[in-house]
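Read through the structure below, which is laid out as structure tokens, and then see the notes.
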Amino acid sequence: MNAPAPAASFKPQQFKSDVKPVWCPGCGDYTVLSSITKALAALEVRPENVAVVSGIGCSSRIPAYTTCYGFHGVHGRALAAATGLKVARPDLTVIAAGGDGDGYSIGGNHFLHACRRNVDLTYIVMDNRVYGMTKGQPSPTTEPDWDSKLSPHGTGLREFHPLVIALASGANFIARATSSDPNGTAELIAQAVRHPGFSFIEVLSPCVTFRPEQRSWKDMVHPAPVAPTDDPARAARRLMTDDGFNIGVLFAGHRKPYQPVKSATPRSVAELAAEFVL
Amino acid sequence: MTQAAKAMTSVSVALAGSGGAGVMTAGNMLLEAAAQAGYYGLMTRSSGPQIRGGEAAAMLRIATTPCDSVDDRYQVLAAVDWGNVARFAAELPLERSSLVVGDPAQGEPPEVFLKSGARYAPVTLKAIARKIPGGWPNMVALGLLGGLIGLPSAALRAALEKSMKKGGDALAASLAAVQAGVEEAAKLGARYPLAPAPARSSRWLITGNQAAGYGAIRGGVRFVAAYPITPATELLEWMAPALERVGGTLVQAEDELASINMILGASYGGVPSLTATSGPGLSLMIEALGLGVAAEIPIVVVDVMRTGPSTGIATKTEQADLNLAMYGLHGDAPHLVLAPNSVADCLLTTQWATHLAETLQVPAIVLSDQFFGQARAVAERPATIAFAGARQRAEPNAADYKRYVLTPSGVSPMAIPGTAGITYTADGLEHGERGTPSSSAADHLAQMEKRARKLDSIDYGEHWAQIEGEGELAVITWGSCTGAVREAFARAKGDGVSGRLLSLRLMSPAQPEKLRRALEGVKRALVVEQSFGGQFMRYLRGEYDLPCELTSFRKPGPLPVRPDEIHRKILEWSRA
């Protein structure tokens, strides 16, 4: 559909649009945006061959901040839209992106099934453990005792563990990143895009407005002490016991990506009617 | 019996039995045989709530003219066994001249069937079948029904050969069992012979669900995502291998929220896309349909309506999703709603819906129903119509590209991912011409007007409605009531009452000027629909300035609307 890419080197700036983000100053999502543009430049893809798909929330505004094709859909359904797009257009690089509420709460079912389905796309969740756009309600990853107007005594609910869920559901690539390390995150995103099948990256991306204490995350994160594994059992133990601040690729599997069966010799539409003709 | 022995232009027969008795197999073969003999036909089915092994009934109408409706009564009810068949009594009305055939070894027929005054003729189906090695009672019943209505043996043979392609002993046994049934019929002293078949024409044997699926593919659909739901599942099961054969894809989604968002994603990628569901699924899809409207992404949603609300009666028909399809979306969200008016018309209507959705870059909802979807009809070969996806695409590197540019027609060229120099973000947020989110009143109004304008930018031609007949009286109807209304009018002609039939195919956008012209000279109109609350009546009152007096005839599902009840209503109403 497009002219061949010129040999010129790719620059992150090419992937950044001139739309001004709605994010608060200091929001972790700025650096995630910058990591995405760096990753795309490193991947040497052209913006028109990339689609960034999202649902609703602060971080879900990200498609319009890139120069790629963007799809800003309804709340919780980014993975469904991204799946349809990638299956219909396997030639595109498809990145779904959003927040913890969008992905793990309202979109939780699609998260499970996107991991299972293993379509070759990348899912970036900017997790700040709060609903920011609606001004500070607890999300599935919020600590049970975190007070808010909507849940004055905390939710009392155990946190959702997205990486464990992703592994149990069949995601083919699982990584944790931090917005405090834009270059490291860019490298993880590039790896995720290159890895066949469904790749999931959880990015710790603080909400400085409603969770200012998350500023300290930058001091708590540390590189994962062990190399990535392709053994789900080892990965499960690692993910169940990690401190939530291990950064790096935590699982990289070998599942075959979802590939719909297509007839090698497509027939004409008229031939389909043969079964009806008397 | 002399009256019954007169050649009939239409005969209705039913074959019932418990699960595994093979009544559907035999019913399908009887319909095929009738088609082979040159008749038209319609087969509907009914089954109990059990997943497997419940009782079932194949209900057929065979006639010398196309059957778009069930008839009022069945001339023959045959049962391989009686099990719980009495539960279908309301669906199987009999009359004095009807015949009830059952195997006395399986017990007596339920009283509810004999109350009609129908004659009971015991036939030892099982014992007869047992005398033929490999013979089955359902095949004896098939021969018996074929014999009673006078189908030529060659047609029955052709039907068996077509569905038992392996031939061999199984075919020979079935042919012998069918022949035994035909001989048994001759002993019954009752016949319901069909008048000679009409001149041969090119015909199809197709269900409404298959027709809708095929229409979609003809219209260009190459991606489907869907979640199983009765009674839409067969549409999807037909499309899965069919799409594969033409280079398309079907994805089974995790739920209807996923289905609709998957097809939005695929269509955003430039591939015409569809999902099919029923009322509960459509309810779940409503939010994302609004996204399709706002982001101007064409999609087609086929709703094979069933009896609601909630889970309702999942296997039965009703026309009560009209409100949801028309008015369920939040905000002001102009979109297309279409409805087929016969089993075969599911093809044209779905193809047209795909064409319109693609042309106007808007979601289209097609309101089929369980009656159409699961009925199999012998119909004239549907015309080949040129409607195909015709989405206006933006050129690569178009100067100063604006995805939602305000055009006179309201349709703006759509950039398809992969096209250089014109990237944009499709957005459910209100936006300006470039697609950039905007909360300005001016943008909201301009984009709202654009989205409304495009639906009025094309001439929907003659397909907006089916219009037949003349006169000062009219019946306005839609969907699966159409066939019954047509037949009621044909009967009313014999009573000296005639009028116009108007069946709307394009429900949204409403066509007030076209309807006004179609009703010129009409003084009174009867509105016929299958909904308890009169959704279609309210729709007509809300969308149209009707120049005539309106009377409502309505009933809910699950029973089909029959010609006689409308015929009687037309007589009573026209003389009031």
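The values are calculated or read from the model by the stated rules, or taken from the named source; none is laboratory data. Here the structure is a predicted model, which means the values were calculated and not measured. FYI the Cβ positions are ideal-geometry reconstructions off the backbone, even for glycines, and counts take in every protein chain you see.
A few remarks follow.
- Test: residue in the range B:365-383 that is on the phi < 0 side of the Ramachandran plot, free of Cβ contacts under 8 Å to residues at least 40 places away in the same chain, in a loop (DSSP other than H, G, I, E, B) and surrounded by fewer than 24 Cβ atoms within 10 Å (Cβ to Cβ): yes
- Here B:Gly189 clears all of (1) more than 14 Å from chain A (Cβ to nearest Cβ); (2) assigned to a helix (DSSP H, G or I); (3) in contact (Cβ under 8 Å) with a residue 60 or more places away in the chain except the condition numbered (2).
- Residues that are surrounded by fewer than 24 Cβ atoms within 10 Å (Cβ to Cβ) number at least 1 in the following strands (runs of 3 or more DSSP E) confined to the range A:1-112: A:93-99.
- Output for the range B:490-548, where each listed residue is under 22 Å from B:Pro563 (Cβ atoms) and basic (Lys, Arg): B:Arg491, B:Lys493, B:Arg500, B:Arg505, B:Arg524
- Of the residues making up the range A:168-185, those that are surrounded by fewer than 24 Cβ atoms within 10 Å (Cβ to Cβ) and in a helix (DSSP H, G or I) are A:Ala168, A:Ser169, A:Pro182, A:Asn183, A:Gly184.
- Residue in the range A:116-133 that is of a type in the set (Gly, Ala, Ser), within 12 Å of chain B (Cβ to nearest Cβ) and touching a residue at least 40 places away in the same chain (Cβ under 8 Å) present: no
- Some residue of the range B:487-500 being among the polar types (S, T, N, Q), more than 17 Å from B:Glu572 (Cβ to Cβ) and assigned by TED's automatic domain parsing to the domain that holds B:Leu540: no
- Residues in the range B:423-442 that are in contact with a Lys or Arg (Cβ under 8 Å, 6 or more places away or on another chain) and surrounded by 22 or more Cβ atoms within 10 Å (Cβ to Cβ): B:Tyr424, B:Ala426, B:Gly435.
- Evaluation of B:Leu274 against (1) more than 10 Å from chain A (Cβ to nearest Cβ); (2) within 21 Å of A:Ala114 (Cβ to Cβ) (one fails), failing number: (2)
- Of all the listed residues (B:Arg222, B:Arg218), the sole one being within 8 Å of chain A (Cβ to nearest Cβ), buried (at least 24 other Cβ atoms within 10 Å of the Cβ) and either touching a residue at least 40 places away in the same chain (Cβ under 8 Å) or of a type in the set (A, V, I, L, M, F, W, C) (or both) is B:Arg218.
- Candidate set: the range B:304-347, residues that are of a type in the set (Asp, Glu) and under 27 Å from B:Leu455 (Cα atoms); chosen: the one surrounded by the fewest Cβ atoms within 10 Å (Cβ to Cβ): B:Asp332
- Yes/no for B:Asp68 being within 23 Å of B:Met8 (Cβ to Cβ), of a type in the set (Asp, Glu), touching a residue at least 60 places away in the same chain (Cβ under 8 Å) and touching a Gly at 6+ places or on another chain (Cβ under 6 Å): yes
- Scanning the range B:277-318 for residues that are farther than 30 Å from A:Phe71 by Cα and of a type outside the set (A, V, I, L, M, F, W, C) turns up B:Arg306, B:Thr307, B:Gly308, B:Pro309, B:Ser310, B:Thr311, B:Gly312, B:Thr315, B:Lys316, B:Thr317, B:Glu318.
- From the options B:Thr315, B:Thr307, residue that is away from chain A (no Cβ under 14 Å), under 18 Å from the mean Cα position of the chain (by Cα) and over 22 Å from B:Leu504 (Cα atoms): B:Thr315
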